[in-house]
1. Kindly list the number of the only condition in (1) touching a residue at least 40 places away in the same chain (Cβ under 8 Å); (2) part of a loop (DSSP other than H, G, I, E, B); (3) over 22 Å from VAL525 (Cβ atoms) that fails for LEU378.
2. In region 529-553, which residues are touching a Pro at 6+ places or on another chain (Cβ under 8 Å) and either on the phi > 0 side of the Ramachandran plot or open to solvent by 10 Å² or more (accessible area, probe 1.4 Å) (or both)?
3. Filter region 306-324 down to the residues that are buried (at least 16 other Cβ atoms within 10 Å of the Cβ) and not in a loop (DSSP other than H, G, I, E, B) and list them by number.
4. Given the criteria under 38 Å from the mean Cα position of the chain (by Cα), among the aliphatic types (A, V, I, L, M) and either closer than 28 Å to SER424 by Cβ or not in a loop (DSSP other than H, G, I, E, B) (or both), does ALA397 qualify?
5. Among (1) of a type in the set (S, T, N, Q); (2) part of a loop (DSSP other than H, G, I, E, B); (3) over 18 Å from VAL258 (Cβ atoms), which single condition is THR388 missing?
6. Given the options THR375, THR388, name the one that is under 24 Å from THR416 (Cα atoms) and open to solvent by 20 Å² or more (accessible area, probe 1.4 Å).
7. Considering only residues that are touching a residue at least 24 places away in the same chain (Cβ under 8 Å) and among the basic types (Lys, Arg), look in region 168-220 and name the one that is farthest from LEU158 (Cα to Cα).
8. Can you confirm whether GLY383 is open to solvent by 30 Å² or more (accessible area, probe 1.4 Å), over 30 Å from ALA301 (Cβ atoms) and either among the small types (Gly, Ala, Ser) or modelled with pLDDT of 95 or more (or both)?
Amino acid sequence: MSEVNGSVFFCLYSLFELLFDQDMDAMDAEDEVPVSTSEPSTLVDDNSTVVNAIGAVNLQPVPAVIPPVVPTVILPPVVPAIAPRLAVPTPIPPPLAPLPVRPPALRPPVAQNGEMQESDSDSDLEEMVSGRGAAGSTQEYEISEESRIVRERQEKALQELLMKRRAAALAVPTNDMAVRARLRRLGEPITLFGEREMERRDRLRMLMARLDAEGQLEKLMKAHEDEEAAASAAPAEEEDIQYPFYTEGSKALLDARVEIAKYSLVKSALRLHRARRKRDDPDEDVDAEVDWALKQAGSLALDCSEIGDDRPLFGCSLSHDGKMLATCSLSGIAKIWSMPQVQKVSTLKGHTERATDVVFSPTSNYLATASADKTARLWNSEGSLLRTFEGHLDRLARIAFHPSGNYLGTASFDKTWRLWNVESGEELLLQEGHSRSVYGLSFHHDGSLVASCGLDALVRVWDLRTGRSILALEGHVKPVLGVSFSPNGYHLASGGEDNTCRIWDLRQRRSSYIIPAHSNLISQVKFEPQEGYFLATASYDMTAKVWSSRDFKPVKTLSGHEAKIMSLDVAADGQFITTVSYDRTIKLWSSKNIEKEEKMDMD
């Protein structure tokens, strides 16, 4: 194809050489012949310029014209723009030498379906060849509405990008109060409905970038100067204030910690002395004592059953001498019963919501009750109200007395437990640490530690002398509802909704035993308070069980309640156990050999 095109163009250039030899007179005659109906031609002097519309190419002054023998349809390929591609050594006329070359634009238009192909580059050439007028060329360059919208969208996006780049380079305060102050100085609303801190900061950033782009730097700088002036006007003393990383306690708390430390040192010394005596004295047979205590526990049987209230019972507690029993119910009423006949002595009324727990003082006949009305109350054995402890933000769960009897601990659903002075009613300590509600409390028999459990499935051990959490015992997979220290000083029992009772060794800081105790959740756990030879657990499976503290094997199952057991307590001498249930009954479980032992003691 390229060889044919070269031959054709070579013949055309030969023809042009012959045309240049013709006379000037013949040229004047030929000027009157029209080339095409839509293409006007203009003839001027030698120093004028002939403009051809072919390919929108400007030609330098040429004296030559297109001969009449060339058909009109051949005109497009006759364009001499391909001259530089020919390697013919023949001389080229001066007018044709400087013509620009664009090979792709010299192909003639090919008709498709009766229409001419259109392109953006050579639209003028196609219009001239197809005979279209100049009006068609002007319509081809008109910008459509869609193009205009697209162009505006692109310009808007470019402006937004530039604005974001400008905003990213600006320094914007990170403090939300400083952001609000600058917005106020700039005359903008300090906050919008539902606007968060980061959104407010981004709004200030874009506002500052817009002011910078609009050239309103004076307004921006004035706002910055006002902020600096306000900051410098603040008193210098505030900058020197250093806040402590801890919460300072009261003088009463300090005194209480000192008293607890002194009390615990004496108690722990006595406990260690007793343990060493049992270990070193050849007359002491610990195994025999444990066997006797387990035999007594194994002989526990139902001795008495009494209806305790019109509503389900929630808590129970035995006095330190075992002569009185206290119970509380969902009616908000607590009652005191004589033991072992279980006869009502007095009624304690005062709570406005259900009572959740009751506990006797370890040193006196005072007792404390907890309620869902967010208060704890202190009573005497005659039923008189002595003091009310207020301060919790949610309902109370379990409560416990310190072994000294001078302090009361309360656990609440507000995720805290608190320590109160029994004599003055003052709140000494508000302790946080659990991520969910705190349910149970138990004081160490030495008085130095307290254990708390809660709905976060965690058991925490706190040092009352320093206020620190010294142990976080993880193992339960569901909320823990009961916790109890053993009198041996190093065992801690916990039970919860995962139906298991865990025995924690405080010396090893881990769980040493896992007892699959019940078929339902465990509501309460209690060690035998004198020596800790056995452990009692209460459950929602309507049973209470006794376990050996030597190997934590089952010793006795106490069955008889018709509903879930809510709480239990063990007498100081371990001779009987009391349980209260949702069936509104109080049941007393006692050893069969009590009377025989009393006769032996008399002898």
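1. With respect to (1) touching a residue at least 40 places away in the same chain (Cβ under 8 Å); (2) part of a loop (DSSP other than H, G, I, E, B); (3) over 22 Å from VAL525 (Cβ atoms), LEU378 is out only on (2).
2. Those that are touching a Pro at 6+ places or on another chain (Cβ under 8 Å) and either on the phi > 0 side of the Ramachandran plot or open to solvent by 10 Å² or more (accessible area, probe 1.4 Å) (or both): PRO529, GLN530, GLU531, GLY532, LYS545, TRP547.
3. Within region 306-324, GLU306, LEU313, PHE314, GLY315, CYS316, SER317, LEU318, MET324 qualify.
4. Yes; evaluated as a whole, the condition is true for this residue.
5. It fails just one condition, (2).
6. Sole residue among the options that is under 24 Å from THR416 (Cα atoms) and open to solvent by 20 Å² or more (accessible area, probe 1.4 Å): THR388.
7. ARG185
8. On the way: open to solvent by 30 Å² or more (accessible area, probe 1.4 Å): no; over 30 Å from ALA301 (Cβ atoms): yes; either among the small types (Gly, Ala, Ser) or modelled with pLDDT of 95 or more (or both): yes.
So GLY383 fails the test.
The values are calculated or read from the model by the stated rules, or taken from the named source; none is laboratory data. Since this is a predicted model, take the numbers as computed values, not measurements. Counting neighbours? That spans all protein chains shown, and the Cβs are built from the backbone with ideal geometry, glycine included. The protein model used for the area step is the full one, side chains on, heavy atoms only, and it has no ligands, DNA or RNA in it. Shrake-Rupley method; radii C 1.70, N 1.55, O 1.52, S 1.80 Å.
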